[in-house]
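Q: Take a look at this one; I'll ask things after.
The values are calculated or read from the model by the stated rules, or taken from the named source; none is laboratory data. This structure is a prediction, so every number in the text was calculated from the model and none was measured. Cβ atoms come from the backbone with ideal geometry, glycine included; neighbour counts cover every protein chain shown.
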Amino acid sequence: MKKRILFIGIGAMGGAVLRGCLTSGAMTDADVVGVVNTKIHAKALTEELGIPVSAELNDVDSADVIVLGVKPQILQSSVLAQLSKVKKDCLIISMAAGIPLGTLEGAVPQAIWYRIMPNMPAAIGAGFVAVTAGTKGNDCLTAWVTNLLNSLGESAVVSEADLERLGALAGAGPGYAFVIMDALSDAGVRIGLTRRLALRAAIQTLYGAGLMAIKTEQHPAVLRDKVTSPGGTTIAGIAAMEKGGLRSALHDGVVACYQRAQELGKKEN
Ligand SMILES: NC(=O)C1=CN([C@@H]2O[C@H](COP(=O)(O)OP(=O)(O)OC[C@H]3O[C@@H](n4cnc5c(N)ncnc54)[C@H](OP(=O)(O)O)[C@@H]3O)[C@@H](O)[C@H]2O)C=CC1
Ligand SMILES: O=C(O)[C@@H]1CCC=N1
């Protein structure tokens, strides 16, 4: 019999995960259905994805697998309570930042819980997805979950503590990268480039640097050395950025993000 897979929350991240899974063919042997908050989005998703999407959460008891793509606050305040009727050993995969397996397993103990921490480039198959199993997870299910996620980019099976850490580095990381991209393009405009040219150059430069780090497998410090001529221009630029606290700002940002996820897991806020 076909597995019934229910996606609850199909926004920016849940939508990226669902689209990746649908286009990769990883769910061809399943009946996939979705639930979102608004009727208008449900209708648009039904038309776009060709699967039934509604704005009413019914029939959770018939799902074999549930993927949770709602915000942590919504998960805690309403969705978890509605999952009390899921069948025994239903596989539930949560992508919510900060909500620990202990809370999830406590709320719906009959389910088998997994947490994943994807990031936005999963939408184009270039994501980084951390996966961690709950107490009832097993190697077979972990392999099934990672296979499902393979179309989204690179995946890593990690401890729950590392999944939290990776949320602050890779989950939120595209946000940091987009700010850096935008700031570099602003700087280009400041020294006289057109916005269009500055933005194109900033985007392609960050893309090229990332691809180079992947393809050469060299440490970023080694690659940076190749750009910085002695007494040259790049080292003058890097020195000014370091004086402005570039590295310590990135450190503080990742730590603040990590701490915020821990706060979200403690209480409804
Ligand atoms: N965005 C990111 O880069 C990342 C996000 N995450 C995690 O992914 C989760 C989703 O985040 P994100 O995609 O950004 O959020 P979005 O706001 O983009 O999407 C949330 C989705 O939840 C739906 N929703 C809201 N309330 C309910 C409800 N009561 N029942 C069913 N569906 C509901 C919304 O419906 P509607 O579309 O109708 O509004 C929407 O589809 C979060 O837990 C976040 O921590 C993890 C890693 C990265
Ligand atoms: O900002 C957030 O809370 C989510 C989790 C990781 C990335 N976005």
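Q: Could you tell me which of the residues Leu80, Leu57 is within 14 Å of ligand 1 (Cβ to nearest atom) and assigned to a loop (DSSP other than H, G, I, E, B)? Break it down stepwise before answering.
A: Values: Leu80 fails: assigned to a loop (DSSP other than H, G, I, E, B).
Testing whether each residue is within 14 Å of ligand 1 (Cβ to nearest atom) and assigned to a loop (DSSP other than H, G, I, E, B) leaves just Leu57.
Q: Pull up the range 12-50, narrow it to residues that are in a loop (DSSP other than H, G, I, E, B) and at pLDDT below 95, then point me to the one that is surrounded by the most Cβ atoms within 10 Å (Cβ to Cβ). Let's see the steps before the verdict.
A: Here is the first cut: in the range 12-50, the ones in a loop (DSSP other than H, G, I, E, B) are 25-29, 36-38, 50.
Now drop any that are not at pLDDT below 95, which leaves 25-29, 50.
Working: Gly25: 9, Ala26: 17, Met27: 19, Thr28: 10, Asp29: 8, Gly50: 10.
The residue in question is Met27.
Q: Scan (1) part of a helix (DSSP H, G or I); (2) β-branched (Val, Ile, Thr); (3) within 16 Å of ligand 2 (Cβ to nearest atom) for the single condition Thr142 breaks and write down its number.
A: (3)
Q: Ala256 is checked against (1) within 27 Å of Tyr114 (Cα to Cα); (2) surrounded by 14 or more Cβ atoms within 10 Å (Cβ to Cβ); (3) of a type in the set (A, V, I, L, M); (4) modelled with pLDDT of 95 or more and fails just one. What number does that condition carry?
A: Among (1) within 27 Å of Tyr114 (Cα to Cα); (2) surrounded by 14 or more Cβ atoms within 10 Å (Cβ to Cβ); (3) of a type in the set (A, V, I, L, M); (4) modelled with pLDDT of 95 or more, the lone unmet condition for Ala256 is (2).
Q: While we're on this one: What are the pairs with Cβ atoms under 9 angstrom where one residue, in the range 161-182, is free of Cβ contacts under 8 Å to residues at least 24 places away in the same chain and the other, located anywhere, is assigned to a helix (DSSP H, G or I) and more than 10 Å from ligand 2 (Cβ to nearest atom)? Sequence gap at least six, or different chains.
A: Asp182/Leu199; Asp182/Ala202
Q: Okay, next question. Only one of these conditions is not met by Ser84: (1) over 17 Å from the mean Cα position of the chain (by Cα); (2) farther than 27 Å from Asn138 by Cβ. Which number is it?
A: With respect to (1) over 17 Å from the mean Cα position of the chain (by Cα); (2) farther than 27 Å from Asn138 by Cβ, Ser84 is out only on (2).
Q: A further question on this structure: Identify all residues within the range 62-77 that are closer than 14 Å to Val108 by Cβ and modelled with pLDDT under 95; write none if there are none.
A: Gln76
Q: Report, ordered by the first and then the second residue, all pairs with beta carbons closer than 6 Å, sequence separation of six or more or different chains, a first member in the range 70-85 that is in contact (Cβ under 8 Å) with a residue 12 or more places away in the chain, and a second member that is in a helix (DSSP H, G or I) and within 10 Å of ligand 1 (Cβ to nearest atom).
A: As it stands, the answer is Val70/Val79; Pro72/Leu264, since those pairs meet every condition given.
Q: Taking Ala107, is it modelled with pLDDT of 95 or more, surrounded by fewer than 19 Cβ atoms within 10 Å (Cβ to Cβ) and either charged (D, E, K, R) or assigned by TED's automatic domain parsing to the domain that holds Arg247 (or both)? If you could, list the steps in order and put the result at the bottom.
A: Working: modelled with pLDDT of 95 or more: yes; surrounded by fewer than 19 Cβ atoms within 10 Å (Cβ to Cβ): yes; either charged (D, E, K, R) or assigned by TED's automatic domain parsing to the domain that holds Arg247 (or both): no.
Taking the combined requirement at face value, the residue does not satisfy it.
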